[in-house]
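Structure, as structure tokens:
The values are calculated or read from the model by the stated rules, or taken from the named source; none is laboratory data. Not measured: the values here are computed from a predicted model. Counting neighbours? That spans all protein chains shown, and the Cβs are built from the backbone with ideal geometry, glycine included. Surface accessibility is based on the protein's heavy atoms, side chains included, excluding ligands, DNA and RNA. Shrake-Rupley method; radii C 1.70, N 1.55, O 1.52, S 1.80 Å.
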Amino acid sequence: MSERIGARADGGTPMTLIAIEEHWNHPALTDAVNALPDDRRDPSTALDELGDNGALLRDLGDARLAAMDEQGIDVQVLSLAPPGAQPLDAADAILLSRQANDIAIAAVADHPDRFRAFATLPMADPAAAVAELERTAGLGCVGAMVYGRTGEVPLDDRRYDDLFAVAASLGQPVFIHPQIPSKRLRQAAYEGFDPMVELGLATFGWGWHLEAARAALRLIVGGTFDRHPDLQVVLGHWGELLLFWLDRADSLSRVAGLERTVSDTVRSNLHITSSGMLNPTLLRHALDVTTPDRLLFSTDHPFQRPSAAEIDTFLQEFPSEAARDAFTSGNARRLFGIGDQTDAA
């Protein structure tokens, strides 16, 4: 492994770097999503095949490890690229989620000092999603990645309450990943341009992030965290715009009859990751509205590819060594139970 980046100012041991939103693909699941009728398929899968994304997403071995070494990343938490199993019928979602999870778990077993994994859940069948979360937690997964809706059913629907209860009881954080808006919303808000511009507007340029922020906000105002105060949720991309609108979102707390304000819930139940957006302005704002123990490092592999030098430069922006160490690995170790054996990698 290459020498770790970000050496301490006192010349001590360089930090461990844990990246927690690092994607891969299960081709059989992707094929099943792409075979869906037009009104149900997710056109964002086209982004997976741009350039060399497809090859990188399918690799869970030498090429991925080489890229990690080049960036100075010690550990990746593997997560299936969007849309996961979300658009699939229940039977297909159950089968292909289990397949994907078994592949990810095997990759962790092959490289226990370099990988951990988020589970993919068959959300079309809430009881099966609970069973798969329990199964994968027992096999070493450190959480689950979900999306804001399944078909027309939002994540805050009470049919998923048992899932959140189990996630809280098992200490399994839930990562809410961005998801393409529904076809009706895309037609109303994002069409009228070249197809790739429409896709970009609806996904990485804007729509993805509104969808994820709305899903998290709906969980809050729906009382999910009042019912499950130990539940921990992760949002990417510096909070998916939610951190920038907390003053207004707090106005919902009273009308929703919440036990805590939206801001209080964000600071106690949400964790925020960088998703490869190494912008000091975003860091400073996140630290203004939440605390260093809520921030996590990620690169959003392979869609963002910061170099080791860019990562190192960004890490110098932290106000203290303690805050920097929390961001690079300390918070991830605590939240996901990643043990000190990674230091020996």
Original post:
Among the residues of the stretch 19-27, is any β-branched (Val, Ile, Thr) and either open to solvent by less than 10 Å² (accessible area, probe 1.4 Å) or outside any helix (DSSP H, G or I) (or both)?
Top reply: yes
Subject >> Lone unmet requirement of (1) under 16 Å from the mean Cα position of the chain (by Cα); (2) open to solvent by 50 Å² or more (accessible area, probe 1.4 Å); (3) closer than 25 Å to residue 139 by Cβ for residue 337 >> reply: (1)
Subject >> Tabulated pairs, the stretch 165-178, first over 15 Å from residue 270 (Cα atoms), second among the β-branched types (Val, Ile, Thr) and buried (at least 16 other Cβ atoms within 10 Å of the Cβ), C-beta under 7 angstrom, 6+ apart or interchain >> reply: 166/130
**OP:** Return the total of residues in the stretch 290-328 being open to solvent by 30 Å² or more (accessible area, probe 1.4 Å) and assigned to a helix (DSSP H, G or I).
**Re:** 9
**OP:** Please verify whether the stretch 161-181 includes one or more residues that are open to solvent by less than 30 Å² (accessible area, probe 1.4 Å) and hydroxyl-bearing (Ser, Thr, Tyr).
**Re:** no
**OP:** Starting from the stretch 235-252, keep only residues that are touching a residue at least 12 places away in the same chain (Cβ under 8 Å) and within 19 Å of residue 222 (Cβ to Cβ), then list their pairs with residues that are assigned to a loop (DSSP other than H, G, I, E, B) and open to solvent by 10 Å² or more (accessible area, probe 1.4 Å) whose Cβ atoms are within a distance under 7 Å, requiring at least 6 positions of separation or different chains.
**Re:** 250/261
